[in-house]
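K.L.:
I have a structure here, written as structure tokens, and I will follow up with some questions on it.
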Amino acid sequence: MPSAPRFENCQVKLQVGSLLKNQKTGELGLVTSPVRYYGLGEVKYIWVLWSSCEAPQRLDLSVIKNNWIEIVNESR
């Protein structure tokens, strides 16, 4: 059974190299950037290279908190 995502102060902590899985499609993705912020720092996102894409795509971290995306393996 996969472990739950780690939260610190209600924030997901991911590093470059972490492996993600789309819960709906089963597609795997590799985190290619540290957590970034836009706006007034309220919206957090990362860049992910999905197996079906040629370039990294921006991913809002709320999808991980809502369990739409699973953290398969965290880079250390």
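None of the figures in this text is laboratory data; all of them are computed from the coordinates on show. Owing to the predicted nature of the structure, the values given are computational and were not obtained by experimental measurement. Heads up, the Cβs are rebuilt from the backbone with ideal geometry, glycines too, and the neighbour counts pull from every protein chain shown.
K.L.:
Which aspartates and glutamates, on any chain, are close to residue 21 with Cα under 16 Å apart, when same-chain ones fewer than 8 places away are left out?
P.N.:
Result set, ordered by chain and number: 60, 70, 74.
K.L.:
Could you sort the peptides 19-32, 47-60 by per-residue average Cβ neighbour count (10 Å cutoff), highest mean leading?
P.N.:
19-32, 47-60
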